[in-house]
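Following: one structure in structure tokens, then a few remarks.
What follows is calculated from the coordinates using simple rules that are stated; it is not laboratory data. Keep in mind that this is a model prediction, so the values were computed, not measured. Every residue, glycine among them, receives a Cβ derived from its backbone with ideal geometry; neighbour counts consider all protein chains shown.
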Amino acid sequence: MSFTSLGLNSALLHAVAEQGYAAPTAIQRAAIPAILQGRDVHAAAHTGSGKTAAFALPILQYLSVATPSARSPLALVLVPTRELAAQVGDVFRVFARSMAHPIKIVIASGGVSINPQMLAMRGSIHIVIATPGRLLDLVDHNALQLSAIKTLVLDEADRMLDLGFADELNRILGLLPEKRQSLLFSATFPDAIKSLTAQLLHDPIVIRPEQHSESRPAITQRAIHIDKDKRTPLLRHLLQSEGWPRTLVFVATKYATEHVADKLRRNHINAAALHGELSQGARTQALSAFKAGELQVLVATDLAGRGIDIEHLPAVVNYDLPRSTDDYVHRIGRTARAGASGIVVNFISADCEPHFRLIEKRQQLRITREQLAGFEPNSVVPMPIDRHGGIKGKRKSKKDKLREALAVADQSVPLPDRPSAAPASSFIWPTKPTRNDDTSK
Ligand code: AMP
């Protein structure tokens with residue numbers, strides 16, 4: 001199928017071709033015609049699926065013949081983070097450039113002064129892309145009103161709720177006209193999203209990734225047993241031996257981002273830290289340098305890493321495991337975007353093995369554990385004794401103990417010293433909604 005059969009006008013088809021998009025992705029094939037028909041959409045869409053263009057193109061198409069009044073945008077895109085707001089704004093702007101009539105797009109996100117955003121709202125605006133808190137600040141300053149909104153998009157709705165924006169969302173929904181089109185995009189479907197969906201959407205077209213097997217990203221996942229204090233040397237070893245041009249490393253804390261990035265820099269690896277307490281300017285600078293290929297490694301926390309769209313990111317390293325299964329989905333979604341392949345490497349220290357097994361179980365995954373020559377762990381890592389998942393809370397039977405002994409014996413078999421020769425597992429995109437677990441509790 002090509003873009004021409006989706007009902008888009010010639011200006012947008014031209015814009016799409018300029019971007020080098022040869023064919024629509026699965027989510028675009030399903031969502032674009034539905035949005036053009038004015039239907040509500042409920043899409044299970046991970047980052048990298050092409051979801052932004054899936055809503056940006058049809059919204060731009062109907063805005064090309066609409067005239068907004070002053071301070072009253074016609075389309076509102078709500079996103080969880082500033083970085084995502086900027087990215088979504090870029091996508092809209094790139095496509096809008098080829099349209100005959102100018103389309104005014106304003107980004108309203110926190111971390112920067114509100115004044116330029118208030119000024120930008122003067123006159124007629126077509127689209128506002130906003131984080132919920134800043135949007136409400138602008139409404140409270142009478143800088144804009146939401147009563148003319150025709151289309152609402154909730155992008156990464158699950159992250160929005162995770163970040164505690166439920167109250168803000170409710171307030172914003174109360175300010176919107178009853179009659180409107182609502183589009184909800186979410187990578188995961190915790191219970192909170194289900195109730196939001198019921199409240200928000202009317203007779204939606206439901207788009208699920210499992211209906212589109214080709215949309216599943218080709219992600220190879222590895223799990224390496226390693227002692228906690230050997231993780232940085234292992235990371236350096238992988239960066240050298242695997243030759244990844246760009247690597248996103250996830251750690252648990254702000255301190256760890258600085259610490260790991262510093263250690264890498266001391267070993268002549270061009271690395272920077274990205275965390276929520278950096279100034280907006282520093283965050284933008286680190287991201288642009290990484291995107292431009294000036295930085296080899298970006299060491300980030302989950303908050304900063306969310307929604308980052310980096311083309312050609314071949315590798316993600318979970319230096320620290322994520323706390324929740326949903327965060328795991330979001331992290332690995334940074335790689336293998338738009339049909340490219342990618343690799344995710346998990347560092348598993350002895351105390352993290354049970355937690356990782358739980359992530360595997362929830363994700364319907366089984367990843368072969370590896371040990372790399374020269375990095376064998378000293379701490380004993382409890383081996384999985386059950387092919388189907390964890391053993392949490394279960395007393396070991398005689399059979400279990402026997403299996404465990406066999407598994408430990410298995411480990412004494414020498415492992416290949418070329419890491420990439422070790423067996424890895426392919427990602428299976430979850431076919432069931434995942435629960436929003438905080439397994440660290
Ligand atoms: P998204 O899921 O919206 O974050 O998009 C992920 C990446 O896919 C972006 O870098 C887009 O430029 C790219 N992309 C979106 N649609 C297509 C397409 N039809 N063909 C190729 N790349 C695409």
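Summary table
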{"read-out": "Rel. contact order, % - alpha carbon contacts under 8 angstrom, at least six apart, the stretch 1-150", "value": "26 percent"}
{"read-out": "Estimated distance in nm for a label pair at THR368 and SER241, the labels positioned 7 Å out from Cα along Cα-to-Cβ", "value": "1.5 nm"}
{"read-out": "Mean-position separation - Cα centroids, the stretch 344-378 and the stretch 120-164, in angstrom", "value": "41 Å"}
{"read-out": "Whole-Hz couplings from phi, Karplus 6.51/-1.76/1.60, listed for the stretch 278-287; x for Gly and Pro", "value": "6, 5, 4, x, 5, 5, 4, 5, 4, 5"}
{"read-out": "Around TYR255: net Lys/Arg minus Asp/Glu count, Cβ-Cβ under 14 Å", "value": "-2"}
{"read-out": "Interchain or long-range residues, amide H under 5 Å from PHE189's placed H", "value": "THR434"}
{"read-out": "Fraction of antiparallel bridges per DSSP, the stretch 3-213 only, in percent to nearest 5", "value": "10 percent"}
{"read-out": "Amide H within-cut-off set for ASN346, under 5 Å, with H built and near neighbours excluded", "value": "ARG222, ALA223, ILE224, ASN318"}
{"read-out": "Virtual spin-label span in nm between SER341 and SER195, 7 Å along Cα→Cβ", "value": "4.4 nm"}
{"read-out": "Rounded, prolate or oblate (a/c below 1.5 giving rounded, otherwise prolate when a/b exceeds b/c) for the stretch 217-370 by Cα gyration tensor", "value": "rounded"}
{"read-out": "Amide hydrogen neighbours beyond the local backbone of ILE114, cut-off 5 Å, H modeled", "value": "none"}
{"read-out": "The stretch 3-213: C-alpha gyration tensor shape, a/c 1.5 cut-off, then a/b vs b/c", "value": "oblate"}
{"read-out": "Members of LYS51/LYS291; LYS228/LYS263; LYS51/LYS150; LYS150/LYS291 lying beyond 22 Å, as alpha-carbon distances in this model show", "value": "LYS150/LYS291"}
